[in-house]
Amino acid sequence: MTSDVKLLDLSNVAIGIERRKRETLVLVREANFDVNYGEMVGIVGESGSGKTMVCRAIIGTLERRGASVIGGEVLFEGLDLRTINEAKWKTLRGKVIGYVPQSALAGPNPVLTIEKQLAEALSQVEGTGSMKNRSKELLDLVKIRRVDTVMKQYPYQLSGGMRQRVMIACALASKPKLLIADEPTTGLDVTVQSQIMELLREIRRDLGTAIILISHDLALVDEVCDKIVVMHAGATVEIGPTASMAKPRHPYTIALNSSRIDVAKPGGELLTIKGNPPSVGQWNPGCRFAERCDYKEQDCLVGDHPALSGKKGEHQSACLHTDKIGKI
Amino acid sequence: MSKRDILMEVENVSVTFDSGSSVVEAVKKCSLTVHAGEPIGIVGESGSGKSTLARVMAGLQTPSAGEIRFRGDNVFKGNKSFQSGNRNEVQMVFQDPYGSLNPQLNGLSAVAEAVRIHTKVGKDEAEHKALELLDRMGIGKLDALKQPRQLSGGQRQRVSVARALSANPTVLLADEPTSAIDQSAQAQLLKLFLGLLNDGLAIVLVSHDLGVIRYLTKRVYVMKDGVFVESGDTETVFNDPQEEYTKMLLASIPGELGKAARAKLKR
């Protein structure tokens with residue numbers, strides 16, 4: 001492993017659904033970001049911006065939904081994930097790359113006790129000691145108290161936060177290098193949310209696991225991640241280190257930032273983003289944010305979606321008029 | 001605020017659920033007052049009883065004890081609610097915009113139906129009024145003719161609000177209206193709520209999102225296990241919380257808002 005091989009590297013990834021008799025429906029076209037070893041990366045964007053699709057591409061479950069990667073490169077430790085077969089996927093998915101799905105409440109299998117659930121995850125990986133002890137260790141890892149009681153319980157007997165912890169425990173069974181958490185706290189209370197975030201932070205610190213956190217809550221991502229990726233209509237529009245992203249350069253991120261409720265004055269002006277994100281299949285030429293943008297000019301409406309400018313690994317923005325924005 | 005401004009009084013309301021094998025007291029002796037045009041907030045975690053209280057205030061659930069008065073009249077008499085023609089004045093917007101709209105009706109029909117029921121006008125006039133309401137909520141005619149499944153979560157929620165407004169309410173009960181929608185859609189909805197407040201509508205916002213509560217409300221009630229543990233001026237409660245529970249709640253908000261509270265908690 002050389003130092004310049006990233007854990008995960010996506011460049012110009014396009015994802016589409018092939019349809020009979022009609023042209024392929026493109027869901028994602030310019031997804032660009034990378035993840036270093038042990039890094040915590042946040043992906044934000046509105047519903048339908050392609051966040052979840054990109055994750056599915058990383059764990060190889062797109063095909064189950066009839067979609068596939070139709071362009072670009074998805075490199076995991078230098079290995080092109082587009083070229084590998086299902087047998088190889090089985091050695092990666094759930095082993096080297098862990099996944100915590102979106103719905104915590106529906107996540108665990110309702111007819112298995114927590115012990116069986118964990119045993120199932122653990123049976124896929126080698127380890128020493130009895131299954132029971134290993135399961136207990138996992139529950140300890142995700143800070144579940146009364147471990148012995150919880151092991152015998154069914155998911156319906158647990159709260160949402162506990163269920164999400166169990167899902168994280170399952171994902172951690174194989175000590176993955178990369179953990180993908182897709183909106184892990186949607187539908188959970190703020191207090192539970194902050195506990196889960198604390199847990200993710202500890203996992204990263206103690207196990208060195210790289211984490212991709214998907215969320216539509218900018219404030220949340222801002223607080224826990226090293227790097228932030230902003231997606232709009234299937235494209236990465238801005239990417240940069242968290243500190244630097246406090247001064248966003250893309251009009252979409254700027255708009256997203258000013259609609260943040262935690263920094264707004266009570267009852268004061270809350271800037272909203274005009275219109276709705278463009279529907280899949282109805283993307284205009286040029287910049288797909290142009291319709292909603294305050295800085296739009298004629299050249300925004302033609303050609304391809306703007307590419308990310310700037311040096312990879314630094315603060316990059318996919319806007320033709322970044323300079324202008326900096327000056328306003 | 002003078003006494004005649006009082007719209008709704010909730011006095012020592014309790015709600016118990018009896019499932020046969022166990023009895024749960026979801027709301028315990030809660031009291032609050034809603035003044036005309038006032039935005040108030042009820043915050044708490046899941047299971048704190050805040051939604052149950054909102055349902056009681058909307059007349060959808062009978063309290064086991066205590067009294068609710070609207071314009072001085074008792075809301076619950078026997079097993080009926082809102083007897084004196086005030087029914088329309090209290091409207092509710094539900095948490096889940098996916099579940100609260102009829103999937104078969106487009107936005108326009110959904111709102112027009114409500115207008116017809118509430119104001120007893122003809123079909124054309126009802127549609128005209130419905131379009132007006134939808135427009136006020138930022139739903140143009142094109143989107144108004146779409147089925148709920150073709151709309152985004154934020155748009156659906158705005159259709160729900162338009163439908164609630166069709167009854168010309170004086171109190172709008174909003175139960176977690178922003179928890180199922182995006183940040184930008186949330187900002188849009190809150191902006192609309194601000195406009196409604198300016199028009200004199202009282203809003204009772206039930207939420208676990210303290211950011212939303214802080215932004216919109218003037219007075220807040222913090223609920224835990226069915227009891228109001230702290231209440232007061234929203235700004236005061238946020239800047240100088242007295243109860244440990246409130247402090248903890250504030251510290252768990254991500255981002256800027258929680259930062260100050262977390263720093264205080266550490267001290």
- [ ] Considering only the range A:30-44, state which residues are under 10 Å from the mean Cα position of the chain (by Cα) and either over 17 Å from A:GLY208 (Cβ atoms) or of a type in the set (Lys, Arg) (or both).
- [x] A:GLY42, A:ILE43, A:VAL44
- [ ] Quick one: A:VAL224 ticks every box in (1) in contact (Cβ under 8 Å) with a residue 40 or more places away in the chain; (2) under 26 Å from B:LEU216 (Cα atoms); (3) surrounded by fewer than 23 Cβ atoms within 10 Å (Cβ to Cβ); (4) facing another protein chain (nearest Cβ under 10 Å) except a single one, so which number is it?
- [x] (2)
Task: All positions within the range A:126-169 that are under 28 Å from A:GLU183 (Cβ atoms), in a helix (DSSP H, G or I) and of a type in the set (A, V, I, L, M) - done: A:LEU138, A:LEU139, A:LEU141, A:VAL147, A:VAL150, A:MET151, A:MET162, A:VAL166, A:MET167, A:ILE168, A:ALA169
TODO: Run B:ASN168 past the list (1) outside any helix (DSSP H, G or I); (2) within 11 Å of another protein chain (Cβ to nearest Cβ) and report the number of the one that doesn't hold.
DONE: (2)
TODO: Tell me which of these A:GLY240 doesn't satisfy, since it passes every other one: (1) surrounded by fewer than 21 Cβ atoms within 10 Å (Cβ to Cβ); (2) over 22 Å from A:PRO108 (Cα atoms); (3) away from chain B (no Cβ under 14 Å).
DONE: (1)
- [ ] Look at A:ILE212 and say whether it is within 24 Å of A:ALA171 (Cβ to Cβ), within 14 Å of chain B (Cβ to nearest Cβ) and surrounded by 19 or more Cβ atoms within 10 Å (Cβ to Cβ).
- [x] no
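Part of a helix (DSSP H, G or I), more than 11 Å from every other protein chain (Cβ to nearest Cβ) and more than 21 Å from B:ILE42 (Cα to Cα), is that true of B:LYS129?
Working: part of a helix (DSSP H, G or I): yes; more than 11 Å from every other protein chain (Cβ to nearest Cβ): yes; more than 21 Å from B:ILE42 (Cα to Cα): yes.
Criteria met by B:LYS129.
Could you pull out every one of the strands (runs of 3 or more DSSP E) wholly within the range B:1-95 that has 1 or more residues that are closer than 30 Å to B:MET248 by Cα and among the aromatic types (Phe, Trp, Tyr)?
Passing ranges, in order: B:6-18.
Residues checked against (1) buried (at least 17 other Cβ atoms within 10 Å of the Cβ); (2) aliphatic (A, V, I, L, M); (3) not in a loop (DSSP other than H, G, I, E, B):
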position	(1), (2), (3)
A:TYR252	yes, no, yes
A:ASN257	yes, no, yes
A:GLY268	no, no, no
A:TRP283	no, no, no
A:GLY313	no, no, no
A:ASP323	no, no, yes
Task: Positions within the range B:90-131 being at pLDDT 90 or above and acidic (Asp, Glu), in sequence order - done: B:GLU113, B:ASP124, B:GLU125, B:GLU127
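Going through A:GLY66, A:GLY129, A:GLY78 one at a time, which residue ends up being without any contact (Cβ under 8 Å) to a residue 40 or more places away in the chain and on the phi > 0 side of the Ramachandran plot?
Working: A:GLY66 fails: without any contact (Cβ under 8 Å) to a residue 40 or more places away in the chain; A:GLY78 fails: without any contact (Cβ under 8 Å) to a residue 40 or more places away in the chain.
Testing whether each residue is without any contact (Cβ under 8 Å) to a residue 40 or more places away in the chain and on the phi > 0 side of the Ramachandran plot leaves just A:GLY129.
The values are calculated or read from the model by the stated rules, or taken from the named source; none is laboratory data. Every value quoted in this text rests on a predicted model; they were computed, and no experiment measured them. Positions of Cβ are generated from backbone atoms using ideal geometry, with glycine treated the same way; all protein chains shown enter the neighbour counts.
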